[in-house]
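Working notes for the structure below.
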Amino acid sequence: MHNARMSHAQRAQTPGNMCFVQAYAKINLTLDVLGRRADGYHALATVMQTIDLHDTICLTVTDDDRVQVICTTPALSNDENLAARAATLLRQRLALTQGVRIELHKRIPVAAGLGGGSSNAAAILLALQQWWRLPLSPVDLLNMAASLGSDVPFFLTGGLALCEGRGEQVTRLAPYWPEAMRWLLLLKPAIGIATAEVFRSLPASDYTDGTYSREVCSALNAGTMPRAEYLHNCLERSVLECYPEVAQAREDLLRAGASIVRLSGSGPTLFALFPELARATQVQQELQSQGYEVYLSRATHSHAGSVSFF
Ligand code: C5P
């Protein structure tokens, strides 16, 4: 079986030696932490949406039996990179000997709460599966994705979804995005935050029962704007308390004219929602003049399934 798979993979590369795939970032509209699980992870309910800020990945077949990553962020050019781990996992599972070079044009800020590493991993799984026509079922892909990280399964489909369990149980929601949230500003304070640390120090008093995610799902399903107070992230209070840079950035966003500002994932990136481009741009320029890293973005249905072969 393995030999058949391997020769199949090697034949399938003949139309071209190179492929490109885009890996999109996400924001969390809600993040309910329900409690701590026996395995050390936390039980979650979170509504996530992919956004058009993306990394670009170029895959090239190589003659050697290895996975190599070259990233525009030099600190990520190593085997621990989640993109490299995804390719290695796939090669191990199917006993493939085909070498591959991964060139990663990083635009999504790193350790920022935007899911960049997880999205890269999902993009690699999807791209290699399509490019090499690998015999993997959706369940195989899902299991591999979940073993790489809690957010990776979400990025296999992207769009709008409710993610439960430790994040790996993904229910896609009908695409809907309120006009009041048409434009997004992402402000990335100049620090990185380790997700594990945020979860470790989270007091039980910040846990919720999933109400926020349920309310936001039903509002979006009904084609309406969720009430602002339902856009709740259980990690936000403690992140604002522990990281003054994030609290300051939030104040500056509000002072510059944003009205709805939330933390994405475990941060430190904050997102603000705007109905009008002109207003969003004005706030972006004001914050950039203060030295902040700010991105203008929007929700997208695109996901890593769209691969270009050459
Ligand atoms: O799954 P992933 O490796 O992305 O998670 C990073 C860390 O975040 C975990 O090691 C864990 O400490 C924490 N985490 C958690 N509960 C989750 C997801 C992540 O405690 N549902």
(message) Accessible area per residue for the chain in Å², computed with a 1.4 Å probe and the full protein assembly in place, what is it?
(response) 43
(message) Given the options Thr73, Leu114, Leu104, identify the residue whose Cα lies farthest towards the positive end of the charge dipole of the stretch 52-128 (+1 on Cβ of Lys, Arg; -1 on Cβ of Asp, Glu).
(response) Leu114
(request) Could you please state, rounded to a whole Å, how far the C-alpha centre of the stretch 210-253 is from the C-alpha centre of the stretch 28-54? (result) 12
(request) Quick one: pull the percentage of alpha-carbon pairs in the stretch 206-283 with a separation above 16 Å. (result) 57
(request) Grab the DSSP H runs of the chain that are 4 residues or longer, score each as -39,500 (n - 2.57), total them, divide by all residues and round the 222 nm result to the nearest 500 deg cm²/dmol. (result) -10000 deg cm²/dmol
(message) Quick check for me: using +1 on Lys/Arg Cβ and -1 on Asp/Glu Cβ, what's the dipole size of the chain about its Cα centre, in debye to the nearest 20?
(response) 620
(request) List, in order, the whole-Hz ³J(HN,Hα) value for each residue of the stretch 203-216 obtained from phi through the Karplus relation with A = 6.51, B = -1.76, C = 1.60 and θ = phi - 60°; use x for Gly and Pro. (result) x, 4, 5, 8, 5, 10, 9, x, 4, 4, 5, 4, 5, 5
(message) So, taking all protein chains as they sit and a 1.4 Å probe, how much accessible area belongs to Cys58, in Å² rounded to tens?
(response) 10
(message) Taking θ = phi - 60°, what integer Hz values does the Karplus form 6.51 cos²θ - 1.76 cosθ + 1.60 yield along the stretch 141-155, in sequence order, with x for Gly and Pro?
(response) 4, 4, 5, 5, 4, 5, 6, 7, x, 4, 8, 5, x, 4, 6
(request) Would you mind working out the magnitude of the charge dipole of the stretch 122-220 relative to its Cα centre, with +1 at each Lys and Arg C-beta and -1 at each Asp and Glu C-beta, to the nearest 20 Debye? (result) 280
(message) Once neighbouring chains are kept in place and the probe is 1.4 Å, which whole percent of the accessible area of the chain is contributed by carbon and sulfur?
(response) 52
(request) Within the set of other residues whose C-beta is less than 13 Å from the C-beta of Ile191, count the net charge using Lys and Arg as +1 and Asp and Glu as -1. (result) -2
(message) In whole Hz and in residue order, list the ³J(HN,Hα) couplings for the stretch 188-194 that follow from phi through the Karplus curve 6.51 cos²θ - 1.76 cosθ + 1.60, θ = phi - 60°; x for Gly and Pro.
(response) 10, x, 7, 9, x, 10, 7
(message) Restricting to Cα atoms and excluding each atom paired with itself, what does the Kirkwood estimate give for the stretch 72-177 in Å?
(response) 14.4
(message) Quick check: the angle from helix 82-93's long axis to the longest principal axis of the chain, C-alpha only, nearest 10 degrees?
(response) 40
(request) Just need log10 I(q)/I(0) for the chain at q = 0.10 Å⁻¹, Debye formula, equal scatterers on the alpha-carbon atoms, no solvent, rounded to two decimals. (result) -0.56
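The values are calculated or read from the model by the stated rules, or taken from the named source; none is laboratory data. Small disclaimer: the values here were computed from a predicted structure and weren't measured. Cβ coordinates were reconstructed from backbone atoms using ideal geometry, including for glycine residues, and neighbour counts include every protein chain displayed. For the accessible areas, the whole protein counts, side chains as well, though only heavy atoms, and no ligand, DNA or RNA atoms are used. Shrake-Rupley method; radii C 1.70, N 1.55, O 1.52, S 1.80 Å.
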